[in-house]
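First up is the structure itself, then whatever we jot down about it.
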Amino acid sequence: MKKTMWRYPLLLLFGIGVSNVGAWIYLIALNLIVLDRTGSPLAVSVLYILIPIATLCSNVWSGSLVDRLNKRNLMIFLDLVRALLIFSLPYMNSLILMYVLVFIINIANSIFEPASMVYMTKLIPKKDRQRFNALRNFINSSGFILGPSIAGILLMMGSPYAAIQLNALALFISAIIILLLPNLEVREENMMSMKVNIRIIKDDWRKIFSFSRSNRHITLLYILFSGITIFMAALDSLEAVFATEVLSLTESAYGFLVSIAGIGIIIGSLINALFTNSLKINHLIGFGAIFTPLGYIIFAYSQNFIWASIGFFTLTFALSFANTGFFTFYQNNVPVNIMGRFSSLLGIVEALLIILFTVTAGIFAELLEIRPIYLMGSLAFLVLGVIINIVIFDKSKKVYYERDNTDREPLRNV
């Protein structure tokens, strides 16, 4: 990519960074507001349950919408809607009404994600996607550290309500930044004006199923990689309890542990960005798929803060490689005109399994000791990593992981 052409990707990364920092501030502040109003940890946990429920409710139809609308305009609209709803949250006296607004915000989030992925894929040339994805991981992980830090400062200086409204401002700024980006779909207005109805949604489902059957390696790896997200969600739901009750860490020590995790993904992302030309896509995925669960295993066996921090650093460092490799694989192999529908429909399965695994882990942790449950989950996660490595290092599938795979047999599109 020419130096003069980096201005749009860097502008997009800046918008992602602003939005990501704001999202962390919003999450922490909202938890505190709900806990302060109710005094109930269960009321706070409902906020997290609403995320996969919103995904289940929206992904049935959102992919059809994303693939037919102008992605840049849709992202701007969703940013503004989320900014307005988040700004309104502190003024909601009813907890139920607050949950309803949070649910709508989560639906907007679930639509924004595939829309932004499609837009990134169109904006970034294939040869530069691996470096861009590494930088995107770096931006997201920086938000992982900066967001809670800024939230803590704001909470010391004022109230969680002010922190919530700062997130609304961040989303408004993000919308302005996206407005400055090029419109990549001016010539597709006829398709974008198509009305999405039940018949079209059903037809889209059939097309995606047909594409999945015809391109089984792509679909298989997507499903297997979703397993990483599922295992992490289930294990992370036990993380705070494990750290405080099993390892007897204080809240401040646990907070420092989370910061170490953020440092791990930042360093991993920088290495990915600096050595893009030397790192192959399947090697990135394979390394991440093995060492991410190994980090969880180290944490599960840890007896003190030192080993816990080594486990946290290992898993997030490795995760940065896995994410960079997988997102590049996904962008290079899934046709951009069906990307929204493909990820949205498979996301339904992922959301269902996240709910199932998280609830199951919580029930067993309640009935039994947490450490053996956490360890069994980590070992099962490692088995998944081994399976992923077997799949991606199949020599007959090597062409899927090349940066320029245009010589591969054309995809059976929809």
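The values are calculated or read from the model by the stated rules, or taken from the named source; none is laboratory data. The model shown is predicted, which means the values in this text are computed figures rather than measured ones. Here the Cβ positions follow ideal geometry from the backbone for every residue, glycine too, while neighbour counts run over all protein chains shown. We work out accessible area using only protein heavy atoms, side chains counted, and drop any ligands, DNA or RNA first. Shrake-Rupley method; radii C 1.70, N 1.55, O 1.52, S 1.80 Å.
In a simple Cβ point-charge model (Lys, Arg +1; Asp, Glu -1; nothing else charged), the chain has a dipole of about 1600 debye relative to its Cα centre. The relative contact order of the chain, computed from alpha carbon pairs under 8 Å that lie at least 6 residues apart in sequence, is 26 percent. Rounded to the nearest 20, the size of the Cβ-charge dipole of region 22-119 about its Cα centre is 140 debye, with Lys and Arg at +1 and Asp and Glu at -1. Hydrophobic long helices, here whole DSSP H runs in the chain with Kyte-Doolittle means of at least 0.0 and Cα atoms spread over 27 Å or more along the helix axis, are found at 7-38, 41-68, 95-123, 129-157, 160-179, 216-241, 251-274, 281-301, 305-333, 339-367, 370-392.
Scaling against 2.2 N^0.38 Å puts the C-alpha radius of gyration of region 1-108 at 1.27. At 1.4 Å probe size, with the rest of the protein present, what percent of the exposed accessible area of the chain is carbon and sulfur atoms? About 69 percent, which is the carbon plus sulfur part of the accessible surface.
Projecting the Cα atoms of 178, 141, 298 onto the charge dipole of the chain (Cβ charges, centred on the Cα centre) puts 178 farthest toward the positive pole.
Note on residue 396 and residue 100: the model spin-label points, each 7 Å out from Cα along the C-beta direction, lie 5.5 nm apart.
Over region 37-109, Cα pairs under 8 Å with separation of 6+ residues give a relative contact order of 50 percent. The distance from the alpha carbon centre of region 98-145 to that of region 215-258 is 20 Å, rounded to a whole number.
You can think of it this way: the chain between residue 57 and residue 352 has 105.1 nm of extra reach, that is 0.36 nm per residue less the Cα-Cα gap. On full extension, the segment bounded by residue 336 and residue 278 gains 18.3 nm, given 0.36 nm per residue less the C-alpha separation. Between 129, 72, 213, the residue with the greatest mean-square fluctuation in the GNM of the chain (Cα pairs under 10 Å linked by springs) is 213.
Dipole orientation for the chain: of the candidates 241, 287, 24, 287 has the Cα lying most toward the positive pole (charges on Cβ; Lys, Arg +1; Asp, Glu -1). Solvent exposure of the chain amounts to 46 Å² per residue of accessible area, where only protein heavy atoms count and the probe is 1.4 Å. Evaluated at q = 0.12, 0.24, 0.25, 0.26 Å⁻¹, the base-10 log of the normalised Debye intensity for region 283-340, with identical point scatterers placed on the Cα atoms, takes the values -0.37, -0.82, -0.85, -0.89.
Tally Lys and Arg at +1 and Asp and Glu at -1 over the other residues with C-beta under 12 Å from the C-beta of residue 110: what net charge comes out? Local net charge: -1. Computed log10 I(q)/I(0) for region 252-372 at 0.12, 0.15, 0.18 Å⁻¹: -0.60, -0.88, -1.10, from the Debye equation with unit scatterers placed on every C-alpha and solvent omitted. Projected onto the charge dipole of the chain (+1 at Lys/Arg Cβ, -1 at Asp/Glu Cβ, origin at the Cα centre), which of 38, 387, 205 gives the Cα projection farthest towards the positive end? Going by the Cα projections, it comes out as 205. Filter the cross-link list 71/202; 122/202; 280/395 down to pairs whose alpha-carbon distance in this structure exceeds 24 Å. Cα-Cα > 24 Å for 122/202; rest within. Relative to the current alpha-carbon distance between residue 223 and residue 307, full extension at 0.36 nm per residue lengthens the span by 27.1 nm. Taken over the alpha carbons of region 34-84 as equal point scatterers, the Debye sum produces base-10 log I(q)/I(0) values at 0.13, 0.16, 0.17, 0.20 Å⁻¹ of -0.50, -0.67, -0.72, -0.83.
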